[in-house]
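Inspection log for the structure reproduced underneath, given as structure tokens.
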Amino acid sequence: MTDQYHMQLALELAAKGKGFTSPNPCVGAVVVKDGRVVGKGWHRAAGMAHAEVEALADAGDRARGADLFVTLEPCNHFGKTPPCTRKILAAGIRRVVAACPDPNPAASGGLAFLSQNGVQTVSGLLQDQAERLMEDFLWYVRHEKTPFVVLKCAATLDGRIATSTGESRWITSAASRAFGHELRHQVDAILVGSGTLHADNPSLTCRISGKKTRDPARVILDTRLSILDNAQVINQSSDAPTILVTGPHAPAQKKKRLAQKGVVVLETGLKNNLLDLRQLMVTLGKMSITSLLIEGGGTVAANALAEGIVNKMVYFIAPKLLGGSDGKAVFEGKGVKKLANAPVLQHITVERCDADILVQGYLKR
């Protein structure tokens with residue numbers, strides 16, 4: 001088997017940790033001796049063993065003289081766990097192949113340390129795939145600890161997210177909705193506006209049949225704390241917090257009452273009479289939220305795009321037509337006046353999701 005095959009296997013193992021490892025990245029590792037895989041591991045959750053340690057433990061004595069394939073450069077510092085580099089040396093690994101270097105200055109330098117201690121090192125194998133898998137972690141580390149933002153939209157063929165009466169269940173197929181719950185599982189937080197809150201009374205939890213999942217923190221933009229006492233987001237069993245983001249003029253008594261119910265109330269400034277999303281990203285980043293999924297509605301989506309906080313778009317298009325201009329648009333409010341200023345997607349993929357079309361891409365910066 002080739003190096004590429006073994007790194008691909010390490011990437012598949014890394015993906016098993018997606019949604020559970022934040023604020024750490026999801027990492028996979030494979031130990032190979034005489035062309036045979038003798039050890040496998042992945043990082044299962046923050047605070048638990050790193051992928052390399054799991055793979056070395058799985059290999060046992062067979063690791064001596066073997067190669068180690070890992071999707072991220074082994075750490076070289078004492079954090080919540082000891083440095084993986086020391087474990088690699090102690091195990092007698094002869095060669096380490098890493099997909100990409102660690103961007104965290106505190107943890108980097110692992111390959112250099114191993115090389116200085118007689119271990120052969122290679123970096124860059126399937127780096128693009130590894131970076132895509134860890135895109136939220138990499139963005140968070142490289143951009144002043146602000147979250148990687150995914151904007152999800154689900155619309156009819158004529159660009160509507162609901163009828164004029166507000167009916168939106170269901171525009172897209174069950175398969176598309178299941179994909180949306182997978183996205184919820186993978187991110188640290190999900191964000192909606194108060195309009196969506198009042199129209200749908202959503203739970204904003206993650207529900208995937210037959211799979212262990214993790215609920216994201218629920219972030220609600222609610223400038224004047226208009227949330228009702230019976231809203232699902234504050235009256236349900238979930239390990240994840242509900243965070244209400246409000247403006248400077250929200251009623252103090254209601255803030256106090258919500259806090260007593262376990263709700264986190266954050267105050268942020270206003271920009272163009274809307275909550276300042278850039279300021280909010282900094283605040284959420286300080287709360288160790290590395291990734292954020294925006295689900296709507298139209299005003300929130302338009303503001304997020306205009307403020308330049310969106311990194312990635314996930315856009316479901318259903319083969320349905322409302323047939324008029326009175327439905328609720330994907331983006332509400334004023335758009336750009338010149339095409340030259342229109343946001344552009346790159347690295348686009350297009351696929352079928354049952355009867356729907358799923359378009360994914362990254363905002364060009």
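The values are calculated or read from the model by the stated rules, or taken from the named source; none is laboratory data. Please read all numbers here as calculations on a predicted model, not as lab measurements. Cβ atoms come from the backbone with ideal geometry, glycine included; neighbour counts cover every protein chain shown. Side chains included, ligands, DNA and RNA excluded: accessible areas come from the protein's heavy atoms. Shrake-Rupley method; radii C 1.70, N 1.55, O 1.52, S 1.80 Å.
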Find the strands (runs of 3 or more DSSP E) located wholly in region 1-75 whose residues include 1 or more that are among the small types (Gly, Ala, Ser), and list them. 28-33, 36-42
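Please specify each residue of region 336-365 satisfying the condition of being part of a loop (DSSP other than H, G, I, E, B), farther than 16 Å from Gly180 by Cα and open to solvent by 60 Å² or more (accessible area, probe 1.4 Å).
Result: Val336, Lys337, Lys338, Pro343, Val344, Lys364, Arg365.
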Number of positions in region 143-158 that are part of a loop (DSSP other than H, G, I, E, B) and closer than 17 Å to Asn303 by Cα: 1
With (1) farther than 17 Å from Gly193 by Cα; (2) hydrophobic (A, V, I, L, M, F, W, C); (3) modelled with pLDDT of 95 or more; (4) open to solvent by less than 50 Å² (accessible area, probe 1.4 Å) as the list, and Met281 as the residue in question, which single condition is left unmet? (1)
Single match in Thr196, Thr213 (criterion: over 23 Å from Ala318 (Cα atoms), open to solvent by 20 Å² or more (accessible area, probe 1.4 Å) and among the β-branched types (Val, Ile, Thr)): Thr213
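Confirm whether Val310 is part of a helix (DSSP H, G or I), surrounded by 20 or more Cβ atoms within 10 Å (Cβ to Cβ), in contact with a strand residue (DSSP E or B) (Cβ under 6 Å, 6 or more places away or on another chain) and not charged (D, E, K, R).
No; evaluated as a whole, the condition is false for this residue.
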Take region 76-120 and flag every residue that is of a type in the set (A, V, I, L, M), closer than 21 Å to Asn24 by Cα and in a loop (DSSP other than H, G, I, E, B). Ala99, Ala106, Ala107
Which condition breaks for Arg64 when tested against (1) modelled with pLDDT of 95 or more; (2) open to solvent by less than 10 Å² (accessible area, probe 1.4 Å); (3) not hydrophobic (A, V, I, L, M, F, W, C)? (2)
Quick one: in region 224-278, of everything that is closer than 24 Å to Phe148 by Cα and part of a helix (DSSP H, G or I), which residue is most open to solvent (accessible area, probe 1.4 Å)? Arg278
What residue, of Leu151, Leu157, Leu133, is more than 20 Å from the chain's Cα centre (by Cα), among the hydrophobic types (A, V, I, L, M, F, W, C) and modelled with pLDDT of 90 or more? Leu157
Check off (1) open to solvent by less than 20 Å² (accessible area, probe 1.4 Å); (2) touching an Asp or Glu at 6+ places or on another chain (Cβ under 9 Å); (3) in a helix (DSSP H, G or I) for Ala130 and give me the number that stays unchecked. (2)
